[in-house]
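I have placed the structure first, in the form of C-alpha cells, so that the comments after it can refer back to it.
The values are calculated or read from the model by the stated rules, or taken from the named source; none is laboratory data. As the structure is a prediction and not an experimental result, all values here were calculated from the model. Virtual Cβ from ideal backbone geometry, glycine too; neighbours counted across all protein chains shown.
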Amino acid sequence: METTLPTHPARCREARARVAYHRTMSIRRLSSLILTSTLAVTALAACSLPGSHTEADAPSDTAAVKSHHPKPSAPAPTPSPTPPTSTSPSPTPSSSPSPSGPVLINFKRTPVQLPISSSTVPDAPAGLVQALGIYLDHLWKSDFKDDPGCEQEVTAYLGRTRSDGFAWVDISYNPMLSSCSAAYGGGYFAIFAQPAGVWQAVISGQDAPTCAQLQKYDVPADILGKNQTCYDPSSGQTVPYTNS
C-alpha cells in the first residue's frame with residue numbers, strides 16, 4: 001500500500017520516523033522468522049544423524065525386550081537326501097539240492113575193524129557203523145573164541161549205502177594172521193537193512209541173492225551195484241532185478 005507523506009516539516013519527520021520504525025520492526029520480524037525456520041531445519045536434520053539423542057531414540061520397554069531376542073538367522077538349508085547305495089547282498093552259502101528220493105553213497109570198500117570208535121567212518125549213515133561193530137564182535141567171539149590177537153582178523157568193507165536204510169558190505173577174513181587158529185581167508189557179502197528200525201544183516205552169501213530174498217526186504221536194485229541180478233530157483237537162472 002502506497003503511503004502519502006505530509007508536507008509539513010514536523011509532520012514529515014514524524015512520518016519518516018514511523019516509517020523507519022515499521023521498517024525496522026518488519027526487518028526484525030523477518031529475521032526472527034528466518035532464524036526460526038533455520039532452527040527447525042537444523043532440528044530435522046539432527047533427527048536423521050547417527051548418534052543423535054532424540055525422543056524417538058530413547059529406549060522403551062518394547063525395545064528392551066527386543067534386544068534380548070536377536071533376529072533369527074536364516075535356517076540352514078536342508079541337505080538333499082542321499083540316495084541309498086545299492087549293494088548286492090552277500091551270497092548265502094547253500095548246499096546243493098538233494099536229488100529226489102533216497103540218496104545213494106558209495107564208500108568204495110572203506111574198511112571197518114574192531115574196536116569201533118566215533119571216528120570210524122564218521123559220515124556213514126547213523127547207527128550203521130555201530131551195527132557193523134556188533135556184527136564183527138559176534139564173528140570174533142564165535143570164530144576166534146575172543147582171542148585178543150584175532151580181534152582184527154575179520155574186516156567189514158563198507159560199499160554202497162542208501163539214505164532210506166540199506167547198505168552193501170563185504171566181509172573178509174585176513175589170512176595173514178597165521179597166529180589165529182581159524183585163519184582161513186575168504187569172505188562173503190552182507191546186505192544190511194532196517195526192517196524194524198535197527199540196522200542188521202538180512203541177506204548174506206557168496207552167490208547171487210535170490211529174487212525172493214531181495215523182494216522180502218524191498219532191497220533197491222542200486223545197492224547191488226553194476227550186477228543187478230537175482231537168482232530165480234524156478235528157472236535155475238539169474239534174472240535182471242529191478243526195484244527202485
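Structure notes:
- Counted residues, region 204-221 - those being basic (Lys, Arg) and either within 13 Å of residue 166 (Cα to Cα) or touching a Pro at 6+ places or on another chain (Cβ under 8 Å) (or both): 0
- Pairs are defined by a Cβ separation below 8 Å, a sequence spacing of at least 6 or placement on different chains, a first member in region 141-164 that is under 12 Å from residue 114 (Cβ atoms) and without any contact (Cβ under 8 Å) to a residue 60 or more places away in the chain, and a second member that is in a strand (DSSP E or B) and of a type in the set (Val, Ile, Thr); the pairs so defined are 154/171; 155/112; 155/171; 156/112; 156/169; 156/171.
- Residue ID - surrounded by the fewest Cβ atoms within 10 Å (Cβ to Cβ), chosen from residues in region 134-162 that are of a type in the set (Ser, Thr, Tyr) and part of a helix (DSSP H, G or I): 142
- Any hit, region 93-104, residues being part of a loop (DSSP other than H, G, I, E, B), modelled with pLDDT under 50 and over 27 Å from residue 222 (Cβ atoms): yes
- Under the condition of being in contact with a Gly (Cβ under 9 Å, 6 or more places away or on another chain) and among the β-branched types (Val, Ile, Thr), the residues counted in region 193-219 number 1.
- Set side by side, the residues 130, 152 differ, and just one is more than 23 Å from residue 221 (Cα to Cα) and at pLDDT below 90, which is 152.
- Residue tally, condition free of Cβ contacts under 8 Å to residues at least 60 places away in the same chain, in contact with a strand residue (DSSP E or B) (Cβ under 9 Å, 6 or more places away or on another chain) and farther than 16 Å from residue 205 by Cα, over region 217-244: 6
- Residue that is surrounded by the fewest Cβ atoms within 10 Å (Cβ to Cβ) [pool: residues in region 120-133 that are in contact with a strand residue (DSSP E or B) (Cβ under 9 Å, 6 or more places away or on another chain) and in a helix (DSSP H, G or I)]: 133
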